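Before any comments, here is the structure.
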Amino acid sequence: MKNVLWIFIILSMPLLLTAKSVEAPKPKSVTARRAGESIKIDGILEEEVWKTEGFKDFIQTDPIDGAEPSEKTSVWIAYDDESLYVAAYLYDSEPESIQGRLGRRDDLVESDWFMFAVDPYFDRRTGYQFAVNPSGSIVDWTLYNDINSDTTWNGVWDWASHLNGDGWSVEIKIPFDQLRFPKKDEYVWGVNFRRVILRKNERLASVWVPKEESAYVSRFAELKGIKGIDPGMHIEVLPYAVSQAHFSPKQEGNPFETGEEFLGDAGFDFKVGLKSNLTLDATVNPDFGQVEVDPAVVNLSAYETYYEEKRPFFIEGANIFNAFGRGGVHMNANINWPAPSLFYSRRIGRGPQGPVTRAGYVDYPEASAILGAFKLTGKIFNGWDIGFVNALTSREYAEIDSGGTRYQEEVEPLTYYGALRVQKDFNEGAQGIGFLVSSVNRDLGDQTLEDLLNRNAFSLAVDGWSYLDKKRTWVVSAWAGGTRVEGSQSAICGLQQSSLHYFQRPDASHVEVNENATHMSGWGGRFNLAKQSGNFVLTFALGALSPGFDPNDIGFQSAASDVINAHLLAGYIQPHPGKVLRSWNVFGGPFGNYDFGGNKTWEGFLVFFHGEFLNYWGFETMFAYNPETYSKTLTRGGPLALVPYGYQVNFGFSSDSRKAVVFSMNNSFYNRPEEGFNLSSNISLNWKPLSNINLSIGPGVYIKESDIMWVTRVDDPLMTETYGTRYVFGSIKQNTLYTEIRLNWTFTPRVTLQLYLQPFIAVGEYDGFKELAEPRTFDYNRYGEGESSIGYEDGYYHVDPDGAGPASEFSFYDPDFNFKSLRGTMVFRWEYHPGSTLYFVWTQNRSDYSNPGELLFGRDLRDLFTAPGDNVFLIKVTYRWNR
């Protein structure tokens, strides 16, 4: 792998060194005028301030990059003491062909659009963007890291659009208290306007960034003329009330499952603008329930499943945490890199982790209640960005009914979570530096939890970036940090042997279990070099996580530490139309992993190609090859095992997204000829029968056949070849069928109905049981061959590994499964007043586990829809009061 990497670097350098980049032009200028009268937001441009000369200097970005627009556009900006106003008149030579679809908030539906972006800090890296279409649908974003955006922010602003005889017009009103900026006598902000003309697939912008270049906020025009405003202190209170009815099948004899449960609660959030550029959000007795259910999955790995955060308190303003380690670099590739996140907000309020030790009927809490939380976001002294999140979760108890006697057992301790992120950029974003620190502190009074959970967990990391030239073609970025966890000897011993570490590996000389340890520390970091402008591009990364690195008390890591990872990808981007393709790009290069013992645990080479035809149909394909390597995780704490060579082929395509029916398909095939294969295929069908209705159906299938699927481990001192343990595997045939169905029905931009339904069936059949015969090989002793025997009785397999030999017999549970799930939710949302919302939610969950190991689609589908279900009905109302 090392030789391939150096050969690839040498061959790529002549192309990269001769590639050219265009220097950014001098910024344009836009002038805001103070409004001399009250502006009515109705989309009709009648006010005097809109009758002056507007800004008209637009240029195409699509379909012909840099060409003149086919339609005229005029834009004005005005302001008064409290708000910023934007008006646009979008002329159209075919007004009857203007496309305006209704969509729920933050759904960028296929439509004509007008967009306004502003950088009030004028830091050339961050900002806000607002979009309105002819039907009044809206999207709003926060902008960060120059080209990244986040739609989870929902500002409180007013808008209106109006169809005219020669086009359409827009008015936008944005209160200054929705924007963050330092107080000055006179302001210079960044600004950009964009327009989409759907039927022509034409996109216009007031600031042109050639497609060969990677920039957005840093190229904004200068907005001048705003002065004499005083945003003052902003205070916002959002009380809520929620009632819930839960209906589930009654269980005879179980006092906790009576078939129905009724709950109610109330609380409030409040937001205080401590300064015009610093905001405090706090919550008392918060309602952190999710509106949409998580999708069903079957996870046969040793690592947890990642779920997206969906709670507004945590997702709003989260980009300062999400951008850690990503500053400056827009081309990121994580090829077999664990991609640790030092702050994963779904840890806060997680499900309790402690076991129940008494027998009986159990009422086990689903989540840890959040007693209170606050966050501080914005800019502090000298332009430092800050994000500070704190939360306290309650001590949770499971209630046990044992023969009519009630007991309580603590299953989650009182816990504090805190994360502080600070970052500052210099020279208009050309360089930047920051750090992130986190802490988890548990009040462990219960001995069972003391033996299981870490008492304290800390992390500290720094990150930064720097462009290497004035044109910002080349950039380097890096992060480095450490983690430390503290706890009892039992807790730390268990942590060392968990799937993130596997210190107990018997053939590893660089790690070992310390049974007397009461803490564990580790370090990690990654370096990135990228050329991300011009036709020729490159990304190189080198990262490492030491064996003791563990962010998972408040963060998330997708795979084991003890890894050194690198990749080098070079590519060519052609963004301009040719005779067949409208645009295309190709990437390729080597990648690989080693552990700290010098063992090669992954290696390969990939080539990726993406293109779009002139008719706006797109496709992509990828080929990757992996030679044989060693796995340090296959035996789950055992010795290294050989993984045979394999290859992967992906292919997908999509149709023209402007049409009423949009179709796409993605397929992936990974094959190890000596071991097995994975095949996944999914289809997406999107139908837009009316301008306010969108129905999508996404069926998919996943097929897996493997000869080395983990089953269990059995201690046996006679098995000296594998260090006194038998590592048991089986051959699996797994079939997974699923469909995701979504219906979005938008009555008005403020009244929407969303439906989500996911039928899911996953069946796994195991046979061909065996044990690893020798480390670092693909040799296995198959049960039932030679002197060994295997039998089945009452749901258990019974194995005699050597017949008349001295080895003891052992048993393990039949791992076959047949998991069927039906999850759905219906959400009616009415924003009856700006920032004030009424929700009605119905959620249903059904599951069934009958007939393990056997897939009969008709029977399993029937069992799924006739399985007992849980139904939850919820009404929630919020009201926004602000000053």
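The values are calculated or read from the model by the stated rules, or taken from the named source; none is laboratory data. This one's a predicted model, so the numbers in the text were calculated from it and none came from an experiment. So basically every Cβ, Gly included, is an ideal-geometry build from the backbone, and we count neighbours across all protein chains shown. SASA here: full protein model, heavy atoms, side chains in, ligands and nucleic acids out. Shrake-Rupley method; radii C 1.70, N 1.55, O 1.52, S 1.80 Å.
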> So what is the relative contact order for the chain, in percent, with contacts set as C-alpha pairs under 8 Å and at least six apart?
Replying inline: 9 percent
>> Run the helix sum for the chain: -39,500 (n - 2.57) per DSSP H stretch of 4+ residues, divided by residue count, reported at 222 nm to the nearest 500 deg cm²/dmol.
In response: -1500 deg cm²/dmol
> How do V284, V537, V714 rank by accessible surface area computed with a 1.4 Å probe, from largest to smallest?
Replying inline: V284, V714, V537
> Around P551, what is the net charge, scoring Lys/Arg as +1 and Asp/Glu as -1 over all other residues with Cβ under 11 Å from its Cβ?
Replying inline: 0
>> How large a share of the accessible area of the chain, in percent, is made up of carbon and sulfur atoms when the probe is 1.4 Å and the other protein chains stay in place?
In response: 55 percent
> For the charge dipole of segment 663-786, defined by +1 on Lys and Arg C-beta atoms and -1 on Asp and Glu C-beta atoms about the Cα centroid, which residue among P749, Q734, G786 has the Cα displaced farthest towards the positive pole?
Replying inline: P749
>> So, for the chain, what is the accessible surface per residue at a probe of 1.4 Å, expressed in square angstrom?
In response: 43 Å²
> Given +1 on the Cβ of Lys and Arg, -1 on the Cβ of Asp and Glu, and no further charges, what dipole in debye does segment 99-249 carry about its Cα centre, rounded to the nearest 20?
Replying inline: 220 debye
> Given K183/K424; K173/K470; K40/K659; K51/K659, which pairs have Cα atoms separated by over 30 Å?
Replying inline: K173/K470; K40/K659; K51/K659
>> Among P27, I41, I59, whose Cα projects farthest towards the positive end of the dipole of segment 23-64, with charges put on the beta-carbon of Lys, Arg (+1) and Asp, Glu (-1)?
In response: P27
>> Percent of Cα-Cα pairs more than 18 Å apart in segment 431-507, please.
In response: 60 percent
> To the nearest 20 debye, what charge dipole does segment 738-876 have about its Cα centre, counting +1 at the Cβ of each Lys and Arg and -1 at the Cβ of each Asp and Glu?
Replying inline: 1700 debye
>> Show me the trypsin sites (Lys or Arg not before Pro) within segment 443-531 that DSSP assigns to loop and that have at most 13 other Cβ atoms within 10 Å of their Cβ.
In response: K470
> Using alpha carbon centroids, what distance separates segment 776-833 and segment 32-102, in Å?
Replying inline: 64 Å
> Of the listed peptides 615-621, 50-56, 116-122, what is their order by residue-averaged count of other C-beta atoms within 10 Å, with the highest listed first?
Replying inline: 116-122, 615-621, 50-56
> Is the shape of segment 103-239 rounded, prolate or oblate, going by the alpha carbon gyration tensor and its root eigenvalues a ≥ b ≥ c, with a/c under 1.5 for rounded and a/b larger than b/c for prolate?
Replying inline: oblate
> Could you state the number of Å between the C-alpha centres of segment 325-398 and segment 591-625?
Replying inline: 32 Å
>> Past the 16 angstrom mark, what percentage of all C-alpha to C-alpha distances in segment 781-851 do you count?
In response: 70 percent
>> Could you derive backbone 3J(HN,Hα) for segment 839-855 from the dihedral phi with the Karplus parameters 6.51, -1.76 and 1.60 (θ = phi - 60°), listing whole Hz in sequence and x where the residue is Gly or Pro?
In response: 10, 10, 10, 10, 10, 10, 10, 10, 8, 8, 10, 6, 6, x, x, 10, 9
>> Using the Cα centre of the chain as the reference point, and only Cβ charges (+1 on K/R, -1 on D/E), how large is the resulting charge dipole? Debye, rounded to the nearest 20.
In response: 3300 debye
> Per-residue HN-Hα couplings for segment 312-320, Karplus 6.51 cos²θ - 1.76 cosθ + 1.60 at θ = phi - 60°, whole Hz, x for Gly and Pro?
Replying inline: x, 4, 8, 7, 6, x, 6, 5, 5
> Please report, for the Cα atoms of segment 683-795, the Rg to one decimal and the Dmax as a whole number; what are they, in angstrom?
Replying inline: 24.2, 74
>> So if I restrict to the alpha-carbon atoms in segment 169-261, what is the Rg, and what is Dmax, the biggest pairwise distance, in Å?
In response: 26.0, 74
> Using alpha carbons only, how many degrees (0 to 90, rounded to 10) separate the axis of helix 857-866 from the longest principal axis of the chain?
Replying inline: 70 degrees
> When only C-alpha pairs under 8 Å and at least 6 residues apart count, what is the relative contact order of segment 589-707, in percent?
Replying inline: 16 percent
> Where does helix 2-18 land angle-wise versus the long Cα axis of the chain, in degrees 0 to 90, nearest 10?
Replying inline: 10 degrees
> Suppose R0 equals 35 Å; then what is the FRET efficiency for F426 and L108 from their Cβ-Cβ distance, rounded to the nearest 0.05?
Replying inline: 0.60
> Residues with amide H under 5 Å of R33's amide H, sequence separation 5 or more or different chain, H placed in the peptide plane at 1.01 Å from N; which?
Replying inline: I77, A78, Y79
>> Test of the criteria: in segment 307-413, which chymotrypsin sites (Phe, Trp or Tyr not before Pro) are in a DSSP loop and have at most 13 other Cβ atoms within 10 angstrom of their Cβ?
In response: Y307
